[in-house]
Amino acid sequence: MQSKVEGLFIGTPKPFRGDSASAIARDPVEGPVELGWTGFEGDQVADPVHHGGWDKAVHLYPSDHYPFWRKKLPDHDRLRRFGAFGENITAPGFAEHEVKIGDRFRMGDALVEISHGRQPCWKLDHHFGRPDMMATIVNTGRSGLYLRVIEQAAVAAGDAIERTERPDHDWTVARAFALLIQPGKRDPGALKDLAQLETLAEAWRQRARGLAGG
């Protein structure tokens, strides 16, 4: 698989709603940016309990999903450019059913690994000024995903992304998201299997264990 960085975005916390803050309104960056263990240089999160850290160093949103959103919300200003979902990286070829937990990619000079999908929250509803964004993402599985950093290096818009390793299992981001986040009957056996997946983010492994009953 080969792809490219169609957009790179950096943000800092800004007033959001009431007393809350968010860095979801990220700005495009030209030129190389250092990617460290916990994210891009200069990028910050407002809620370090639920965002950022080793398993959430980079939020990637597939550019493949933008046509769907632009058709659903044809006049929405946020969708006129990439970065609308608060992602650090926009890139094609990362639809959730096409990539696996543990897939590794050379992105620019950095090496990254898929850790889990993004679980949407109310902030997306507020960001877009609509009450149904989170629900639509959950129902359609257009979640985006998180990457952990295996080798630190600089990344720039326009850089190539090439898969370097493909794990020998069938846990796509979409399958894990469906089991853990989407409503429906849970499969205890699949949950126990998923909880043992070492490349899955620890938060989702814990969720799998909890849903499986311990």
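The values are calculated or read from the model by the stated rules, or taken from the named source; none is laboratory data. It should be emphasised that the depicted structure is a prediction, and the values quoted were computed from it without experimental measurement. In this analysis, Cβ positions are derived from the backbone assuming ideal geometry, glycine residues included, and neighbour counts consider all displayed protein chains. Surface areas here come from the heavy atoms of the whole protein model, side chains and all, with no ligands, DNA or RNA. Shrake-Rupley method; radii C 1.70, N 1.55, O 1.52, S 1.80 Å.
Taking 20 °C and 1.002 mPa s as the conditions, I'd like the Stokes-Einstein D for the range 83-126 in µm²/s, using the Kirkwood hydrodynamic radius from alpha carbon pairs. The calculation lands on 174 µm²/s. Only protein atoms count toward the accessible area here, which uses a 1.4 Å probe; on the chain, the carbon and sulfur part of that area reaches 48 percent.
Legend: P(r) of the range 1-43 from all alpha carbon pair distances, 10 Å bins from 0, whole percents, reading 24, 44, 25, 7, 0. Comparing 200, 191, 147 in a Gaussian network model of the chain where C-alpha atoms under 10 Å apart are linked, the largest mean-square fluctuation is found at 191. According to the calculation over all Cα-Cα pairs in the chain, the P(r) per 10 Å bin from zero is 8, 36, 38, 17, 1 %. Counting Cα-Cα pairs of the range 81-176 in 5 Å increments starting at 0 gives whole-percent bin shares of 2, 13, 21, 23, 18, 13, 8, 2, 0. The range 96-111 and the range 9-37 have Cα centres spaced 22 Å apart. Phi angles across the range 184-192 convert, under the Karplus curve 6.51 cos²θ - 1.76 cosθ + 1.60 with θ = phi - 60°, into 3J(HN,Hα) values of x, 5, 8, 9, x, x, 5, 4, 5 Hz, Gly and Pro given as x. Taking amide hydrogens as placed 1.01 Å from N in the peptide plane, the amide H of residue 164 sits under 5 Å from those of 104, 105, 106, each at least 5 positions away in sequence or on another chain. Dipole size of the chain about its Cα centre, with +1 on Lys/Arg Cβ and -1 on Asp/Glu Cβ: approximately 840 debye, rounded to the nearest 20.
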